[in-house]
Amino acid sequence: MANHHPPSPPDADADADARSALIFLGTGCSSMVPNMMCLIQPADPPCSVCFQALSLPPERNPNYRCNTSLLIDYCQSDGNHNYIIIDVGKTFRETVLRWFTFHKIPRIDSIILTHEHADAVLGLDDIRAVQPFSPTNDIDPTPIYLSRHSMESIATKFPYLVNKKLKEGQEIRRVAQMDWKIIDDDHRQPFFASGLKFIPLPVMHGEDYVCLGFLFGEKTRVAYISDVSRIPANTEYVISKCGAGQLDLLILDALYKTGSHNVHFCLPQALEAVKKLCPKQTLLIGMTHELDYYKDNEFLKEWSEREGIPVQLARDGLRVPINL
Ligand SMILES: [Zn+2]
Ligand SMILES: [Zn+2]
């Protein structure tokens, strides 16, 4: 008796492989690169990383870095694309103008926040500009996933985005419409954003502060950790090869090239974490002007060959096709 499986096109897998993508909207620190002081009070000799910004347009300068932010272009099995953004910082508008146009991203379907620092949330006002226009502000709000602590802080920073009740006689003013969704700082409490499952990865961002990283992807396991000074044991287990399973891609914070910092990983701690977690591949983000895309990627290439784990600095605008 013949089996009657529904026929599938021969290249279904290959096709699906290229459908989703990660787009690095920003790979820089809070003060961004170029560092303004390097340009208005140049040292002698001047900072070579920052000075590239004077002769190259940002889209051709991998040492031009906006605030860390990742766009997930998630293609579901029905072929529909959903656009999920992690963090909306000070440079949100600039990254939309530069990279949404270049990579043909038409909209944002959901927002996820790692924490409530300026470089992760100060672009939230501009979400209005990528939402459909309605004179009465009567549009579908964009779901935004954030911790309770971030919610409390944003209610203070942007009260008009949170408390929408109009007082008697108050005019309607057009502001970003968000559907605030509180998530737990707990890897056992996953949530879905635009159909994609996310596992929160609480990490220390300074010993007094919990920031969230996220693990996502069923076919490819990706962890995004943009602001971290220490990975607690619970979180380490979830994303390590000798724990719950090897990551296909780790996206990790590395602020300075040398030394250490109280609230961020620098390159030495980032590489130590890579050796411990043992992902198949790592891309570093959150860099200051101390890190040179060309020079330090050469150094990392040698390190990667020696250690057997590919690690590179990411750059703004980098698009990584991925099978989620
Ligand atoms: Zn500089
Ligand atoms: Zn921060």
Checklist entry - Within region 127-151, can you find the residues that are closer than 25 Å to residue 205 by Cβ, of a type outside the set (S, T, N, Q) and either touching a Gly at 6+ places or on another chain (Cβ under 6 Å) or surrounded by 14 or more Cβ atoms within 10 Å (Cβ to Cβ) (or both)? => result 127, 143, 144, 145, 146, 149, 151
Item to check | Residue ranges of strands (runs of 3 or more DSSP E) in region 219-324 with at least 1 members in contact with a Phe, Trp or Tyr (Cβ under 8 Å, 6 or more places away or on another chain) and modelled with pLDDT under 95 | outcome: none
Checklist outcome for this item: Of those in region 22-60 that are more than 13 Å from ligand 1 (Cβ to nearest atom) and of a type in the set (S, T, N, Q), the residue surrounded by the fewest Cβ atoms within 10 Å (Cβ to Cβ) is 55
Next on the checklist: Give all pairs with beta carbons closer than 8 Å in which a residue from region 268-285 that is within 15 Å of residue 296 (Cβ to Cβ) and touching a residue at least 12 places away in the same chain (Cβ under 8 Å) meets a residue that is assigned to a helix (DSSP H, G or I) and β-branched (Val, Ile, Thr); count only pairs at least 6 apart in sequence or on separate chains.
Outcome noted: 282/274
Next on the checklist: Any residue in region 160-179 that is loosely packed, with under 13 Cβ neighbours inside 10 Å sitting within a Cβ distance under 8 Å of a residue that is assigned to a strand (DSSP E or B)? List the pairs, counting only those 6 or more apart or interchain.
Outcome noted: 179/142; 179/143; 179/144
Checklist outcome for this item: In region 275-295, anything surrounded by fewer than 23 Cβ atoms within 10 Å (Cβ to Cβ) and either β-branched (Val, Ile, Thr) or within 16 Å of ligand 2 (Cβ to nearest atom) (or both) is listed as 288
Checklist entry - In region 267-314, what residues are at negative phi and within 16 Å of ligand 1 (Cβ to nearest atom)? => result 287, 288, 289, 290, 291, 292, 293, 294, 295, 296, 313
Next on the checklist: For region 78-97: of the residues being in contact with a Cys (Cβ under 8 Å, 6 or more places away or on another chain) and closer than 20 Å to residue 60 by Cβ, which is surrounded by the most Cβ atoms within 10 Å (Cβ to Cβ)?
Outcome noted: 95
Checklist outcome for this item: Sole miss for residue 95 among (1) within 16 Å of ligand 1 (Cβ to nearest atom); (2) outside any loop (DSSP other than H, G, I, E, B) is condition (1)
Item to check | Complete set of residues in region 106-132 that are in a loop (DSSP other than H, G, I, E, B) and touching a residue at least 24 places away in the same chain (Cβ under 8 Å) | outcome: 107, 108, 109, 113, 114, 115, 116, 117, 122, 123, 131
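The values are calculated or read from the model by the stated rules, or taken from the named source; none is laboratory data. Please read these numbers as outputs of a predicted model, since none were measured by experiment. Virtual Cβ from ideal backbone geometry, glycine too; neighbours counted across all protein chains shown.
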